[in-house]
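The values are calculated or read from the model by the stated rules, or taken from the named source; none is laboratory data. Not measured: the values here are computed from a predicted model. Counting neighbours? That spans all protein chains shown, and the Cβs are built from the backbone with ideal geometry, glycine included.
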Amino acid sequence: MVATCNITDATPSSFIAHQPARAMMDEIAADFLKTDIDVFIGGGRKHFAQRKDGKNLVEDLKAKNYQIANSIEEVQQVKSGKLAGFLADENPVKISEGRGDQLLVSFQTALNILNQSKKGFFIMAEGSQIDWGGHANDTQYIVNEMLDFDKAIGAAFDFADKDGNTLVIITADHETGGFSLNGLKDGVVDGKFTTKGHTAVMIPVFAYGKGAELFSGIYNNNDIFHKMLKAFGFK
């Protein structure tokens, strides 16, 4: 799992944790020790190393043979094995505030490590702060974070083209802000918002590569789970 937010935030944790509330980040962090996830990279060091219960889960991760990286440079040096990458104590900064290519480098590192498996692999990579731009009604924030996410999408497509047996799915959990484009003026995106919250607007699902034909049409969001299982060959 790779994210530009706290790795114990809602989307990443939904793939790994079993807690009743998204705010229970210390408890969510503890759930990482109950799985065999190979690679996770994002913010959230605080919930592993500076916990209210005084436990140091970083040492527990080391005991489970995880290599611990505390910067994007350290992440990039890991070529194999299990990796826990902490790029911030809480959330990484915005791309406009100097985050750089953390998402792309993290994604490529995870891809290189997991591609060594003969059983195949699954990566969840989130451009997390696109949503935050919607909450802030900040068009430039959305554009900057979307361009950053697009770099990771490009790397995924390149891998899928070379591999020939990879499915890439690009979607979101919801729309945020009631964002719409109000026309283009002088090459600048003119965005408008209706709310600072989430909306019920339908979101697109883009699929590329082997099994992409399963993802056409209109369907409930939880159908994506079943379509992924079918594409991977699980019963």
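Taking region 188-235 as the range and being surrounded by 10 or more Cβ atoms within 10 Å (Cβ to Cβ), basic (K, R) and farther than 27 Å from V143 by Cα as the test, the residues that pass are K210, K227, K230.
Of the listed requirements (1) more than 14 Å from V2 (Cβ to Cβ); (2) not in a loop (DSSP other than H, G, I, E, B), S106 misses just one: (1). A search for C-beta distances below 9 Å between a residue of region 86-113 that is free of Cβ contacts under 8 Å to residues at least 24 places away in the same chain and over 25 Å from M25 (Cα atoms) and any residue that is surrounded by 15 or more Cβ atoms within 10 Å (Cβ to Cβ) and aromatic (F, W, Y), counting only pairs 6+ apart in sequence or on different chains, returns nothing. Scanning region 144-153 for residues that are crowded, with 17+ Cβ neighbours inside 10 Å and either in contact (Cβ under 8 Å) with a residue 24 or more places away in the chain or outside any helix (DSSP H, G or I) (or both) turns up N144, E145, D148, F149, A152. Close contacts from region 221-235, counting a first residue that is within 19 Å of Y208 (Cβ to Cβ) and a second that is assigned to a helix (DSSP H, G or I), with Cβ to Cβ under 7 Å and a gap of 6+ residues or different chains, come to K227/L214; K227/F215; K230/L214; A231/L214.
Which strands (runs of 3 or more DSSP E) does region 155-198 wholly contain that include 2 or more residues that are modelled with pLDDT of 95 or more and touching a helix residue (DSSP H, G or I) at 6+ places or on another chain (Cβ under 6 Å)? I'd like the intermediate steps shown before the answer.
Values: elements: 167-170, 180-185, 188-192.
Strands (runs of 3 or more DSSP E) meeting the threshold: 167-170.
Looking only at region 127-150, count every residue that is touching a Cys at 6+ places or on another chain (Cβ under 6 Å) and modelled with pLDDT under 95 and tell me the total. Step through it out loud before you land on a result.
So in region 127-150, the residues touching a Cys at 6+ places or on another chain (Cβ under 6 Å) come out as 128.
Those still in the list that are modelled with pLDDT under 95 too: none.
Going through region 127-150 one residue at a time, the tally reaches 0.
A156 meets each of the listed conditions (1) among the small types (G, A, S); (2) in contact (Cβ under 8 Å) with a residue 40 or more places away in the chain; (3) out of contact with any strand residue (DSSP E or B) (no Cβ under 9 Å at 6 or more places or on another chain); (4) within 29 Å of K82 (Cα to Cα) apart from (3). Could you please let me know if E175 is in contact (Cβ under 8 Å) with a residue 24 or more places away in the chain, within 24 Å of K227 (Cβ to Cβ) and among the charged types (D, E, K, R)? Taking the combined requirement at face value, the residue satisfies it.
One line per residue, one yes/no per condition, for (1) aliphatic (A, V, I, L, M); (2) more than 13 Å from the chain's Cα centre (by Cα):
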{"position": "Q76", "(1), (2)": "no, yes"}
{"position": "G81", "(1), (2)": "no, yes"}
{"position": "P92", "(1), (2)": "no, no"}
{"position": "E97", "(1), (2)": "no, yes"}
{"position": "K118", "(1), (2)": "no, yes"}
{"position": "I123", "(1), (2)": "yes, no"}
{"position": "S128", "(1), (2)": "no, no"}
{"position": "F157", "(1), (2)": "no, yes"}
{"position": "T166", "(1), (2)": "no, yes"}
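Only residues that are without any contact (Cβ under 8 Å) to a residue 40 or more places away in the chain, in contact with a helix residue (DSSP H, G or I) (Cβ under 9 Å, 6 or more places away or on another chain) and not β-branched (V, I, T) were counted across region 40-62, and they come to 11. Tell me whether region 79-90 contains one or more residues that are surrounded by 14 or more Cβ atoms within 10 Å (Cβ to Cβ), outside any strand (DSSP E or B) and out of contact with any helix residue (DSSP H, G or I) (no Cβ under 6 Å at 6 or more places or on another chain). Among the residues of region 79-90, not one is surrounded by 14 or more Cβ atoms within 10 Å (Cβ to Cβ), outside any strand (DSSP E or B) and out of contact with any helix residue (DSSP H, G or I) (no Cβ under 6 Å at 6 or more places or on another chain), which makes the answer no.
Taken over region 152-183, the residue count meeting the criterion of being closer than 20 Å to P92 by Cβ and in contact with an Asp or Glu (Cβ under 7 Å, 6 or more places away or on another chain) is 1. Residues in region 92-112 that are buried (at least 19 other Cβ atoms within 10 Å of the Cβ) and of a type outside the set (F, W, Y): P92, I95, R99, Q102, L103, L104, V105, S106, Q108, T109, A110, L111.
Take the residues in region 125-143 that are in contact with a strand residue (DSSP E or B) (Cβ under 7 Å, 6 or more places away or on another chain) and surrounded by fewer than 20 Cβ atoms within 10 Å (Cβ to Cβ), then tell me which one is farthest from G43 (Cα to Cα). Among residues in region 125-143 that are in contact with a strand residue (DSSP E or B) (Cβ under 7 Å, 6 or more places away or on another chain) and surrounded by fewer than 20 Cβ atoms within 10 Å (Cβ to Cβ), the one farthest from G43 (Cα to Cα) is V143.
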